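So the structure is just underneath, and the comments pick up after that.
Nothing in this text is a laboratory measurement; each read-out follows from the coordinates by a stated rule. Note that the coordinates shown come from a computational prediction; the quantities given were computed from them, not determined experimentally. Neighbour counts run over all protein chains shown; Cβ positions are idealised from the backbone, glycine included.
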Amino acid sequence: MKSSNIFYTGLLLWMSLACSKSDDEISPPELRFSEEVITPFYTAGSSAPPMVNWNGNKGRFGIKNAVKGISIDSNSGIVSWKKTLPTGLNVIEVLAFNNAGSTSAFLEIEHLFHGEFKGLFDTFILVEGEPIFINLKFNPEGSCSYEHFSTSVEGFWEISKDSINALFFFEGEEVDQRFLKGIVVHTNEEAYIEGVMGFELGELLPTENFRADLIE
């Protein structure tokens, strides 16, 4: 009988310790973002805080791979970006970690290129002593327009990693297409496009270098 009591006492003690250990165990956090973020071109901003379950042990946040113009608040998980954020879709892998481990979730930030730009060709033309500007307008859905002298034409554009291409169509002209190839430059101080414009008939007709600054 005595040995039986010792056995049950030992069993109860083991169960008590096991339950206590289970209660003290922690798990890695659970993390997710609610939706994709769309930010207008050349605009700084911040995301909403992520949805996180720390599973009883609060930790911190981080970013797995550095992205130009991106930072994170290690306490709140709010992701912020500068005007230098690359155009197009930026996929940010955010980490949440505590003493039990880490987990990650992806935040998608679409830096949507659009805007009006005004500038000059390198060989700019003077009319009555005044330069004739070029005006470029890029709409978010991919259409664009080009104005020079009294001519205004429509076209379409595409961009990849800040390299932009556009094609404009002239109606009733012998040379009916004009192309644009350039780089979108956006620093914390300014945003502009620089590149070349020329005619689709190409080699027999010259191209012209230009720079056009964002009208804010």
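Step through the residues of the range 81-86 one at a time and calculate ³J(HN,Hα) from phi using the Karplus curve (6.51 cos²θ - 1.76 cosθ + 1.60, θ = phi - 60°), rounding each to whole Hz and writing x for Gly and Pro.
The phi angles translate into 9, 9, 5, 7, 3, x Hz.
Would you order M197, M51 from fewest to most other beta-carbon atoms within 10 Å of each residue's own beta-carbon? Don't skip to the end; give the middle numbers.
Values: M197 20, M51 12.
Taking fewest neighbouring Cβ atoms as first place, the list is M51, M197.
What ratio of Cα Rg to 2.2 N^0.38 Å holds for the range 22-112? Before the final figure, lay out each step's value.
On the way: Rg = 14.1 Å, N = 91, 2.2 N^0.38 = 12.2 Å.
In units of the 2.2 N^0.38 Å rule of thumb, it is 1.16.
Would you mind getting me the FRET efficiency between T123 and T84? Use the beta-carbon distance for r and R0 = 41 Å, nearest 0.05.
0.85
Which of the residue pairs K64/K137; K68/K137; K82/K137; K82/K118 have a Cα-Cα distance greater than 32 Å in the structure shown?
Details: K64/K137 36 Å; K68/K137 26 Å; K82/K137 23 Å; K82/K118 23 Å.
Flagged as over cut-off: K64/K137.
Using amide H atoms built 1.01 Å from N in the peptide plane, name the residues 5+ places from D162, or on other chains, whose amide H lies under 5 Å from its own.
Here the answer is T87, since their amide H atoms fall under 5 Å of that of D162.
Among L120, L89, which comes first, second and so on when ranked by fewest other beta-carbon atoms within 10 Å? Each step should come with its number before you reach the end.
Details: L120 17, L89 12.
Listed from fewest to most nearby Cβ atoms, that is L89, L120.
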